[in-house]
Every structure is written in structure tokens, then in C-alpha cells.
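Laboratory data are not the source of any read-out in this text; all were calculated from the coordinates shown. Predicted model, so just to flag it, every value in this text is computed and none were measured. Neighbour counts run over all protein chains shown; Cβ positions are idealised from the backbone, glycine included.
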Amino acid sequence: MNLWEIAKRSLLKSPPQSFAEMARELDVPYQALIAHNRRKCKPLLKQIYQELLGGKE
């Protein structure tokens, strides 16, 4: 489970895949997926977004 896999499934897929579906398909506990997304993915996506905007929020 990594940022790319979660972003691909939740942001780029149409319709977006739910975290429950991702957890089943990736064979990981749902709460672990949610915690990983909250602790690792969201801050990294925010950092990437800010860099793309030139440091502006």
C-alpha cells in the first residue's frame, strides 16, 4: 500500500473506489488503510500540491 495506489484508486478512478473496497482488494485492514492515508498520504499530497502552486496555499 502506497500513496500512488491509494491516489490512483481514490482520486483518478471514475467512479472513485471506496476505502472499504480498497482494503478488501489489497487485503489490508480497513483501519490500517485509513490511518496510512491520514498520516502519510494526505500530508504528502498537500506538500506536492503546494509545490505545484509555487508555495502558495
Top-ranked residue in the range 34-52 [being surrounded by 12 or more Cβ atoms within 10 Å (Cβ to Cβ) and of a type in the set (S, T, N, Q); ranked as farthest from R24 (Cα to Cα)]: Q50
Flagged in the range 14-57 as of a type in the set (K, R) and under 12 Å from the mean Cα position of the chain (by Cα), in numbering order, are R38, R39, K40, K42, K46
Could you check, for the range 2-12, whether at least one of its residues is in a helix (DSSP H, G or I), surrounded by 13 or more Cβ atoms within 10 Å (Cβ to Cβ) and of a type in the set (F, W, Y)? no
